[in-house]
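Here the structure comes first, spelled out in structure tokens, and everything after it is commentary.
The values are calculated or read from the model by the stated rules, or taken from the named source; none is laboratory data. Since this is a predicted model, take the numbers as computed values, not measurements. Cβ placement follows ideal geometry from the backbone for every residue including glycine, while neighbour counts extend to all protein chains displayed. Just the protein is used for accessible areas: all its heavy atoms, side chains included, with ligands, DNA and RNA removed. Shrake-Rupley method; radii C 1.70, N 1.55, O 1.52, S 1.80 Å.
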Amino acid sequence: MYGDDATVRKILTGLGDTWAVVGLSNNASRAAYGVAAVLQRYGKRVVPVHPKAETVHGEQGYASLADIPFPVDVVDVFVNSDLAGAVADEAVAIGAKAVWYQLDVIDEAAYESTRDAGLLMVMDRCPAIEIPRLG
């Protein structure tokens, strides 16, 4: 497991409430859309990051993490594993405090390099499952 319960709890409760959700669009059938709604219900500010830069759940979207003009606490990643490492690198570059790879998003090299850069990281877990479980 990539990220123990203590790390999960710290990301969910101790790092801040601004979450950039990479891969979030207005496609309600995608997992990112539902997870973002759960995060909002638990008081998180959800910032959509998607090439379309759509407004989702009332929050303005951005085409990339670098385009977000304010600090981001957690980068929640809903992209294929082969693209996830680059997103983790961007999270480090913008000064995020943590990276969260969703279920089935796995990149062990990115996990190590992100942690080596001083960020907390969870991989192959879902905050919409973990928030109520650890609440």
Exercise. What strands (runs of 3 or more DSSP E), lying completely within the range 41-135, carry at least 3 residues that are at pLDDT below 95?
Worked result: none
Seminar exercise, completed: Residues of the range 96-121 being buried (at least 16 other Cβ atoms within 10 Å of the Cβ), under 14 Å from Ser81 (Cβ atoms) and of a type in the set (D, E, K, R), in sequence order, are Asp107
Seminar exercise, completed: Of those in the range 13-29 that are of a type outside the set (Ser, Thr, Tyr) and at pLDDT below 95, the residue nearest to Met121 (Cα to Cα) is Leu15
Seminar exercise, completed: Restricted to the range 12-35 and to residues being free of Cβ contacts under 8 Å to residues at least 40 places away in the same chain and either under 12 Å from the mean Cα position of the chain (by Cα) or buried (at least 17 other Cβ atoms within 10 Å of the Cβ) (or both), the residue farthest from Ile68 (Cα to Cα) is Tyr33
Exercise. From the list Pro132, Pro48, Pro69, which residue is of a type outside the set (A, V, I, L, M, F, W, C), crowded, with 22+ Cβ neighbours inside 10 Å, free of Cβ contacts under 8 Å to residues at least 60 places away in the same chain and on the phi < 0 side of the Ramachandran plot?
Worked result: Pro48
Exercise. Does the range 1-11 contain any residue that is open to solvent by less than 30 Å² (accessible area, probe 1.4 Å), at pLDDT below 95 and not in a helix (DSSP H, G or I)?
Worked result: yes
For this session: Considering only the range 73-95, state which residues are in contact with a Ser or Thr (Cβ under 9 Å, 6 or more places away or on another chain) and either within 20 Å of Glu130 (Cα to Cα) or open to solvent by 10 Å² or more (accessible area, probe 1.4 Å) (or both).
Result: Asp73, Val74, Gly85, Asp89, Glu90, Val92
For this session: Scan Tyr111, Tyr101, Tyr62 and give me the residue that is farther than 20 Å from Leu12 by Cα and of a type in the set (Phe, Trp, Tyr).
Result: Tyr62
Problem set entry | Complete set of residues in the range 12-31 that are part of a helix (DSSP H, G or I) and among the aliphatic types (A, V, I, L, M) | Leu12, Ala31
